[in-house]
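The values are calculated or read from the model by the stated rules, or taken from the named source; none is laboratory data. What you see is a predicted model; the values in this text were computed from it and never measured. When we count neighbours, we look across all protein chains shown, and the Cβ atoms used for this are built from the backbone with ideal geometry, even at glycine.
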Amino acid sequence: MTSAIVASGISKTFGDVQALDDLNLDVPEGAFFVLLGPSGAGKTTTLRVIAGLEKPDAGTVHLTGIDATGASPAERDLAMVFQSYALYPKQTAGDNIASPLRARKLPKAEIDAQVARVAELLHIEKLLQRKPAQLSGGEMQRVALGRALVRNPRAFLMDEPLTNLDLKLRVEMRTELTRIHRSLGRTFLYVTNDQVEGMSMADQLAVLRAGTIQQVGTPTEIYDRPANRWVATFVGSPRMNLLPCTANGRLEGSGWALPNPGFVSQGDRPALLGVRSEDLSLETRDEAAALEGRVYAVEPLGDRTLVDIEIGDRRIVVKAAPTASPEIGEQVRASVDLDRIHLFDAETESAVARR
Amino acid sequence: MAEVLVKRLRKEFPDGTVAVEELDLAIADGELFVMLGPSGCGKTTTLRCVAGLEEETSGQIVIGDEVVSGLRPSQRDIAMVFQFYALYPHLSVRDNLAFPLRAAKRPAAEVDERVNEAARMLRLEPFLDRRPGKLSGGEQQRVALGRAMVRHPKAFLMDEPLTNLDAELRADMRAELKHVQQRLSSTMIYVTHDQTEAMALGDRIAIMNKGRLEQLGAPMEVYDRPATLFAARFIGSPPMNLIEAEVTNGHLTAAGGLTIAAPEGIQRGERVIAGVRPESFTVSDPASDPDGARGRVASREALGDETIYVVETEAGLLNVRMPPTARFGEDQVVTVRHRGSAPPVYDPQTERLVGR
């Protein structure tokens, strides 16, 4: 697969803040590629370096194989969509969408055809005559998208475009954007701090923290095989349960022990057991692989019930069947799916390999 | 702690807006009672009437054995919690906990007793002389909770206290709140627009709409059998599928040959709206299941622990919740089946539950 965007060895400091530290990114042509991380991780800076709005201290940017490190934003031919819509308030939606084409002095017939194409794609044909003030938040975001999509750039760069929408609309627009991506078949590089948004839309994800890439992979790879403790707890809800332990012939923590399913022995090094709440069960299957504790709280959510269990001075959450209804204070056993547990080095935080 | 009764409550504002139509609620002693609804449904107005911050137009509020209508908030012996405030960083845990009691000018002996009790309950005894900055996140939350609950009022009234916390902290705090409420057996009325929070916390949930009660029930009752289409749309994420169907030979049939188990007590030929939760549908490969209703995958959201499919069928767009091991691509043709027992069904005109 050819690469649409390759960023190599990018570093960028603002004053004494290191925003990006030797960052490498390879976005395949036609991918829906998500850059996921908390605020301050360097996502927006990465996007701005790729767009040519920010000059890196070190590193190169290649676009479709061509070195674009020194190129101006216009020469890079990338379209940006931001979380603020930045529409011209006095122009109709149609004129807003047409503005990048007018700036290039394209013939009117072609502009009209392109605007109609984009309006159909975004399902906003009926809104073209309205001014921004007459549009809802979701409609304005579609118009802003339309203005980016009307061009035929190398790639689309999107910086948290759904952040200002309410939850219901955000979920709808997620589906819309993946549909649009599919029908265009173009490269999307999409920045978000919302792990559900990232997981649900991406073909590929890069998880970013403090200016460095923690892991790159498909959503499933990142969820099932997180590279380190930080990625493991950033992705997934409820967040992954962590219990301090040692790992030798057995995994042993304070008041619990599990068989070691093949993790490389850690000797005396402190480690952390990681278990997602859905990989624990209150219907005991395997007596040897269970965590025992007291029920701390029970939270029915309809399709499942979250059971908080106290183990020593730690708390874990078990995703149980909706019919589960243990009493607070009751002693329970949560059996563990040993094939799906994780082990992290407590100091380096890296995932420990299985033999 | 005490029971709280809301009797035929009506609240009309001077501009003519009727915030609460006529509401009857009986909140039991020691109950965590959640009022859930969209903004403008009357839940906060009801809470403010109980607190004495609004005067009811008609009706009565009873707290314990006392009719409190006409009494000022301070005379009602209730505690309002709007938000779990940040802790005072320069005060010890002990002084943070004591703060509301000292502010209420309680005698020193009582302050000590209450603080020690709260510390025991919340397992904060080892930390009483530390500053909040020296505590873990979870310990700090317990202090914040303890400070809100250190008084012994007849009831706690909480208005979206978790709203300003980030998602992770909110989930932790929810479990802490539920734990402490059950341990203390406090009477608590908790207002929220967040259905997940309502489900997770409530002993019972009152779903409000336009100043009226839509449904009152335990979380799983409300989830399994919403009383109205409004309640059906409000509880659950992704929402319940609402599907037009007709009663045929012992089951419900929707467009495209989609069949759904039929509840008892509805007539053959009757047209209803079936409410099917996303987890009560499955999708499969037509090669292995050629007979069922067909659909096309319009979108899929892989969330790690589950995958949500939106499937375009003749019966409409259906939300289907599947395990993460299911792998169907967008645009793929699939077979959709209903599984499990009969779903609740609704009269399309009255929008209310019919049958059983």
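The number of residues in the range B:199-216 that are within 13 Å of the chain's Cα centre (by Cα) and either assigned to a loop (DSSP other than H, G, I, E, B) or facing chain A (nearest Cβ under 10 Å) (or both) comes to 5. Would you check if A:Thr348 is surrounded by fewer than 17 Cβ atoms within 10 Å (Cβ to Cβ) and away from chain B (no Cβ under 14 Å)? Against the criterion (surrounded by fewer than 17 Cβ atoms within 10 Å (Cβ to Cβ) and away from chain B (no Cβ under 14 Å)), A:Thr348 qualifies. For B:Val222, the requirement of being touching a strand residue (DSSP E or B) at 6+ places or on another chain (Cβ under 9 Å), assigned by TED's automatic domain parsing to the domain that holds B:Phe33, outside any helix (DSSP H, G or I) and among the aliphatic types (A, V, I, L, M) is not met.
Every condition in (1) within 14 Å of chain A (Cβ to nearest Cβ); (2) in contact with a His (Cβ under 8 Å, 6 or more places away or on another chain) is met by B:Arg114 except one, and the failing one is (1). Residues that are in contact with a helix residue (DSSP H, G or I) (Cβ under 9 Å, 6 or more places away or on another chain), polar (S, T, N, Q) and not in a strand (DSSP E or B) within the range B:225-251 comprise just one, B:Ser237. Contact map, the range B:270-295: first residue more than 21 Å from B:Asn249 (Cα to Cα), second residue among the polar types (S, T, N, Q) and surrounded by 15 or more Cβ atoms within 10 Å (Cβ to Cβ), Cβ cut-off under 7 Å, separation 6 or more or different chains; pairs are B:Pro278/B:Asn241; B:Pro278/B:Asn319; B:Val283/B:Thr335; B:Ser284/B:Thr335; B:Pro286/B:Thr335; B:Asp289/B:Thr335; B:Gly295/B:Thr313.
Every listed requirement among (1) out of contact with any Asp or Glu (no Cβ under 7 Å at 6 or more places or on another chain); (2) buried (at least 20 other Cβ atoms within 10 Å of the Cβ) is met by A:Pro89 save one, (2). Can you find a residue that is on the phi > 0 side of the Ramachandran plot, within 14 Å of chain A (Cβ to nearest Cβ) and among the hydroxyl-bearing types (Ser, Thr, Tyr) anywhere in the range B:172-188? Within the range B:172-188, one or more residues are on the phi > 0 side of the Ramachandran plot, within 14 Å of chain A (Cβ to nearest Cβ) and among the hydroxyl-bearing types (Ser, Thr, Tyr).
Quickly run through the range A:309-328 and pick out the residues that are touching a residue at least 60 places away in the same chain (Cβ under 8 Å) and either outside any strand (DSSP E or B) or more than 9 Å from chain B (Cβ to nearest Cβ) (or both). A:Ile311, A:Arg314, A:Ile316 - these are the residues of the range A:309-328 that are touching a residue at least 60 places away in the same chain (Cβ under 8 Å) and either outside any strand (DSSP E or B) or more than 9 Å from chain B (Cβ to nearest Cβ) (or both). When A:Leu242 is tested against the conditions (1) assigned by TED's automatic domain parsing to the domain that holds A:Arg304; (2) over 30 Å from A:Ala19 (Cα atoms); (3) in contact (Cβ under 8 Å) with a residue 40 or more places away in the chain; (4) out of contact with any Pro (no Cβ under 8 Å at 6 or more places or on another chain), the lone failure is (2). Answer yes if at least one residue in the range A:139-149 is small (Gly, Ala, Ser) and out of contact with any Ser or Thr (no Cβ under 9 Å at 6 or more places or on another chain), and no otherwise. Checked the range A:139-149: at least one residue is small (Gly, Ala, Ser) and out of contact with any Ser or Thr (no Cβ under 9 Å at 6 or more places or on another chain). Among the residues of the range B:283-307, the one identified as of a type in the set (Lys, Arg) and buried (at least 20 other Cβ atoms within 10 Å of the Cβ) is B:Arg300. All of A:Leu306, A:Leu273 fail the test of being more than 9 Å from chain B (Cβ to nearest Cβ) and assigned to a strand (DSSP E or B), apart from A:Leu273. Contact annotation: residue pairs with Cβ atoms under 6 Å, 6 or more positions apart or on different chains, pairing a residue in the range B:170-181 that is surrounded by 21 or more Cβ atoms within 10 Å (Cβ to Cβ) with a partner that is of a type in the set (Gly, Ala, Ser), are B:Arg174/B:Ala200; B:Ala175/A:Ala297; B:Lys178/A:Ala297; B:His179/A:Ala297. Among the residues of the range A:284-300, the one identified as more than 22 Å from B:Arg183 (Cβ to Cβ) and either within 14 Å of chain B (Cβ to nearest Cβ) or among the β-branched types (Val, Ile, Thr) (or both) is A:Thr284.
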